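Quick notes on the structure that follows.
The values are calculated or read from the model by the stated rules, or taken from the named source; none is laboratory data. Everything quoted here is computed from the prediction, not taken from an experiment. Using ideal geometry, Cβ is built from the backbone for each residue, glycine included, and neighbour counts are taken over all protein chains shown.
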Amino acid sequence: MISITEAQELVQSWQDDGQKVVFTNGCFDVLHRGHITYLQEAKATGDKLIIGLNSDESVRRLKGLRRPIQCIEDRAVILEALGCVDVVVEFVEDTPAELIAELQPNVLVKGGDYQEDEIVGRDIVLSNGGEVKIIPLVEGVSTSSIISRILSGKALD
């Protein structure tokens, strides 16, 4: 995981080299097949993929006091191990708007559970000539359902 300043420098360098920088964000707590598919498809929309990763505190505010299951350091290491991920940057706010404004990615990607007009940072990216892409979610796979299954002691059918 790198600092926002380091990420800004990398983005500028990549863009100077003509590479298309893709940004997405999320909690990525208890990584699953849906996350992997989503991140691979996000990377395919450009050359470099940056993940804005919610801090532990922002996950708690968004998901409740029983989350995250994994701390920010563990979530970052897991994401950084994926071949499709180039950079992970933590953000502490409830939304990635500030981070998107500072990084100025070429492409902003979110999952199919969003409508384009509700995607945070959309206006920032579009005003700089960038693109916004929505990637369909993998049906029936979610961190919440995995956590529920673990807590209930249910095996797969």
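Worth a mention:
- Exclusive hit being touching a Lys or Arg at 6+ places or on another chain (Cβ under 8 Å) and either acidic (Asp, Glu) or surrounded by 13 or more Cβ atoms within 10 Å (Cβ to Cβ) (or both), set Val138, Val89, Val120: Val138
- Between Glu90, Glu139, the distinction of being acidic (Asp, Glu) and in contact (Cβ under 8 Å) with a residue 40 or more places away in the chain belongs to Glu90 only.
- Consider the range 140-157 and keep the residues that are in a loop (DSSP other than H, G, I, E, B) and at negative phi. The one that is modelled with the highest pLDDT is Lys154.
- Complete set of residues in the range 18-30 that are of a type outside the set (Ser, Thr, Tyr) and surrounded by 18 or more Cβ atoms within 10 Å (Cβ to Cβ): Val21, Val22, Phe23, Asn25, Gly26, Cys27, Phe28, Asp29, Val30
- Which listed residue, of Gln40, Gln15, Gln8, Gln115, is at pLDDT below 95, at negative phi and surrounded by fewer than 18 Cβ atoms within 10 Å (Cβ to Cβ): Gln115
- Considering the range 85-139, the qualifying strands (runs of 3 or more DSSP E), each wholly inside and each with 2 or more residues that are farther than 18 Å from Glu9 by Cβ, run over 107-111, 131-135.
- Here the condition is being basic (Lys, Arg), outside any helix (DSSP H, G or I) and touching a residue at least 24 places away in the same chain (Cβ under 8 Å); of Arg75, Arg67, it holds for Arg67 alone.
- Taking the numbered list (1) exposed (fewer than 13 other Cβ atoms within 10 Å of the Cβ); (2) at negative phi in turn, Gly129 passes all entries but (2).
- Filter pass, Phe23 being among the hydrophobic types (A, V, I, L, M, F, W, C), within 21 Å of Leu126 (Cβ to Cβ) and touching a residue at least 12 places away in the same chain (Cβ under 8 Å): yes
- Qualifying residue in the range 50-59 (condition: assigned to a loop (DSSP other than H, G, I, E, B), farther than 21 Å from Glu98 by Cα and not charged (D, E, K, R)): no
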